[in-house]
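A quick write-up on the structure given underneath.
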Amino acid sequence: MNKEQRLEICKVCKNRKLDFSIGLLCGLTNKFADFDDNCPDFSEDEKENKRIKQQAKNSRGQIFDLFFVGKHYYATPIIWYLNITMYAILAISSNNYFSIHPEALLYWGANFKPLTLHHEP
């Protein structure tokens, strides 16, 4: 059993002790875990185990939360939807999804220096 596997067990043990300068220690021996297969003093902390499982479950879907409007989070998804919709309209009107034709961009409001500045420097 390697160090990472031992730490996974120690994270949910009631006897754990966190030393900020060293790391996670056994609260009974004040040393790093050194057991082979099973810790004889292991006592599961059910609250911590539940919290870790819930945190892992929540972190899986966080990237997809960017696409959905939430209670306190609504502007960014709306801007994403508008940009994606605008790109789709431009791509369809240009008949090319990878390189939008410059005339289509001008038709939809893009700036073109000679047409915008009217001989201004």
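Dividing the Cα radius of gyration by the Kirkwood radius, what Rg/Rh value follows for segment 17-56?
1.01
Using the heavy atoms of the protein chains alone and a 1.4 angstrom probe, what is the accessible area of the chain per residue in square angstrom?
In whole numbers, the chain has 86 Å² accessible per residue.
Under the definition of Cα pairs under 8 Å and six or more residues apart, what whole-number percent is the relative contact order of segment 65-121?
Answer for segment 65-121 is 17 percent.
Distance in nm between label sites at residue 52 and residue 68, each 7 Å beyond Cα in the beta-carbon direction?
Label at residue 52, label at residue 68, 2.7 nm between them.
Expressed as a whole percent, how much of the Cα-Cα distance distribution for segment 42-114 exceeds 19 Å?
62 percent
Largest first and in whole Å, what are the equivalent-ellipsoid semi-axes of segment 1-73 based on the Cα gyration tensor, each being the root of 5 times an eigenvalue?
With the √(5λ) rule applied to segment 1-73, the semi-axes are 32, 12, 12 Å.
Assign one of three labels to segment 77-121, namely rounded, prolate or oblate, based on the Cα gyration tensor with a ≥ b ≥ c the square roots of its eigenvalues; rounded applies when a/c is under 1.5, prolate when it is not and a/b is larger than b/c, and oblate otherwise.
Here segment 77-121 falls in the oblate category.
Quick one: compute the contact order of the chain, relative version, from alpha carbon pairs under 8 angstrom and 6+ residues apart, as a percent.
About 14 percent, as a whole number.
Just the accessible area for residue 86, please: 1.4 Å probe, Å², rounded to the nearest 10?
Rounded to the nearest 10, that gives 70 Å².
Out of the total accessible area of segment 1-87 (probe 1.4 Å, heavy atoms of protein only), what percent is carbon and sulfur?
Result for segment 1-87: 57 percent of the exposed heavy-atom area is carbon or sulfur.
Projecting each Cα onto the charge dipole of segment 1-94 (Lys/Arg +1, Asp/Glu -1 at the beta carbon, about the Cα centre), which of 56, 83, 32 comes out farthest on the positive side?
Positive-end residue among those listed: 83.
Suppose every Lys and Arg Cβ carries +1 and every Asp and Glu Cβ carries -1, with no other charges. What dipole size does segment 1-98 come out with about its Cα centre, to the nearest 20 debye?
I would put it at about 340 debye.
The values are calculated or read from the model by the stated rules, or taken from the named source; none is laboratory data. All figures in this text were calculated on a predicted structure; none of them were measured in a lab. Positions of Cβ are backbone-derived with ideal geometry, glycine not excepted, and every protein chain shown enters the neighbour counts. Only protein heavy atoms, including side chains, enter the accessible area calculation; ligands, DNA and RNA are left aside. Shrake-Rupley method; radii C 1.70, N 1.55, O 1.52, S 1.80 Å.
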